[in-house]
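Asker: Sharing a structure below in structure tokens format, with a few things to ask.
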Amino acid sequence: MKLLLFSKRTELESHIEETSPDAKEELLDQIVLCLDPTTLEEVTAQLNITRQDSIDFFVRRHIKHYKALEKAKRVLEHTDHTVVLRQGDLPPLNTYTHLVSLGGDGTLLDLSFRTDLPILGVKYLQSSVGHYCSGSIDEFKQAVEMLQDGTYRTVKKRKVNCEIDGERLNAMNEFVVGRFPGLRIVLQVGDRNDFHTCTNLIISTREGQTAYYRDAGGEPFLTEDSNSRNLLAYLVNDPISGKYALPVNGFAEEIRITSKSNNAVIVPDALMKQSIVLRYDDEVRFFMGDNYSRLIKPLKNHAR
């Protein structure tokens, strides 16, 4: 078994890269070592973050993230398998057999977009929802033992696909089509063709209904029934004008749109770096594909 442990850059690292790139390494090293609140306050004064709640969010989550990463490293030092720690950009993945995602659902979704290798999701914060994760950093030792002794199962999660001009994207949860200040599209579902001006359009898998789709006001209605496996949920979010005064949602096996805006974007699973920009009159098709993400879960009779 060759294992890759992956974690994304923290929000704080991304902020410093944008605002204080020359001081990045020095600032981050000081913050990780800061256990005294007074010293921490002195360091964070250099970060161009003005609101105290933002400081708490950025800095304290950054420290917790690196404490979790150090804990994971200590566990992995005692394994016999090859482990590669990686942050941010990914190396070629074809030489690995298993991936461990340390973060939350966002980190796992980022990995799943790029590979079909089995992924073990581990939360670094107990408070994280981590719908797709198998446990928290406090259970990491047991999770590694599970991989070593083979007491796990692989759960396949079917992906939603979008196709435009022969190019395809995939997502585990949803696609969001949006544009500021407003999106104009023709939405085709079955025999209906409706024009909408709205904030965005959300196309969701059955499992993805619990994410942005629901937060935006969509009514989850796809069940575990086998007849719904090919269905997608859709939500025309926050209609701005036209005959619809309330969000429009429904389900279908295939959803097509024609963009009536320039510079609208299609974003898979909130991964802005993977987005596609639409031109006026671009046509897009959404459907459940034959590709899957594979998530590592404990065997039901081996709960630890």
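For every residue, the table says whether it meets (1) within 21 Å of residue 164 (Cα to Cα); (2) touching an Asp or Glu at 6+ places or on another chain (Cβ under 7 Å); (3) modelled with pLDDT under 95.
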site: 191; (1), (2), (3): yes, no, yes
site: 200; (1), (2), (3): yes, no, yes
site: 220; (1), (2), (3): no, no, yes
site: 226; (1), (2), (3): no, no, yes
site: 231; (1), (2), (3): yes, yes, yes
site: 240; (1), (2), (3): no, no, yes
site: 245; (1), (2), (3): no, no, yes
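Asker: If residue 99 satisfies all but one of (1) in a strand (DSSP E or B); (2) in contact with a Leu (Cβ under 8 Å, 6 or more places away or on another chain); (3) within 30 Å of residue 197 (Cα to Cα); (4) of a type in the set (A, V, I, L, M), what's the number of the condition it fails?
Answerer: The failed condition is (3).
Asker: Can residue 95 be described as within 12 Å of residue 5 (Cβ to Cβ) and β-branched (Val, Ile, Thr)? Write out each step before concluding.
Answerer: Values: within 12 Å of residue 5 (Cβ to Cβ): no; β-branched (Val, Ile, Thr): yes.
No; evaluated as a whole, the condition is false for this residue.
Asker: Just to be sure before I move on: is residue 208 free of Cβ contacts under 8 Å to residues at least 60 places away in the same chain, crowded, with 23+ Cβ neighbours inside 10 Å, of a type outside the set (Phe, Trp, Tyr) and not in a strand (DSSP E or B) in the structure I sent? Walk me through how you get there before you give the answer.
Answerer: Details: free of Cβ contacts under 8 Å to residues at least 60 places away in the same chain: yes; crowded, with 23+ Cβ neighbours inside 10 Å: yes; of a type outside the set (Phe, Trp, Tyr): yes; not in a strand (DSSP E or B): yes.
So residue 208 fits the description; yes.
Asker: Something else: Sort out which residues of segment 115-131 are surrounded by fewer than 20 Cβ atoms within 10 Å (Cβ to Cβ), within 13 Å of the chain's Cα centre (by Cα) and modelled with pLDDT of 85 or more, and write them in order of number.
Answerer: Across segment 115-131, the qualifying residue is only 131.
Asker: Take residue 134 and tell me if it is more than 12 Å from residue 298 (Cβ to Cβ), among the hydroxyl-bearing types (Ser, Thr, Tyr) and either surrounded by 14 or more Cβ atoms within 10 Å (Cβ to Cβ) or not assigned by TED's automatic domain parsing to the domain that holds residue 174 (or both). Give the derivation first.
Answerer: Working: more than 12 Å from residue 298 (Cβ to Cβ): no; among the hydroxyl-bearing types (Ser, Thr, Tyr): yes; either surrounded by 14 or more Cβ atoms within 10 Å (Cβ to Cβ) or not assigned by TED's automatic domain parsing to the domain that holds residue 174 (or both): yes.
For residue 134, the condition - more than 12 Å from residue 298 (Cβ to Cβ), among the hydroxyl-bearing types (Ser, Thr, Tyr) and either surrounded by 14 or more Cβ atoms within 10 Å (Cβ to Cβ) or not assigned by TED's automatic domain parsing to the domain that holds residue 174 (or both) - is not met.
Asker: Residue 153 passes all but one of (1) assigned to a strand (DSSP E or B); (2) out of contact with any Lys or Arg (no Cβ under 9 Å at 6 or more places or on another chain); which number fails?
Answerer: (2)
Asker: Out of 28, 108, 5, which single residue is under 18 Å from residue 141 (Cβ atoms) and modelled with pLDDT of 60 or more? Can you show your working first?
Answerer: Values: 28 fails: under 18 Å from residue 141 (Cβ atoms); 108 fails: under 18 Å from residue 141 (Cβ atoms).
Answer to the selection: 5.
Asker: I need the full set of residues from segment 48-65 which are at pLDDT 80 or above and surrounded by fewer than 17 Cβ atoms within 10 Å (Cβ to Cβ), in order please.
Answerer: 61, 64
The values are calculated or read from the model by the stated rules, or taken from the named source; none is laboratory data. Keep in mind that what you see is a predicted model, and the values were worked out from it rather than measured. Neighbour counts are summed over all protein chains in view; Cβ atoms, including those assigned to glycine, are modelled from backbone coordinates with ideal geometry.
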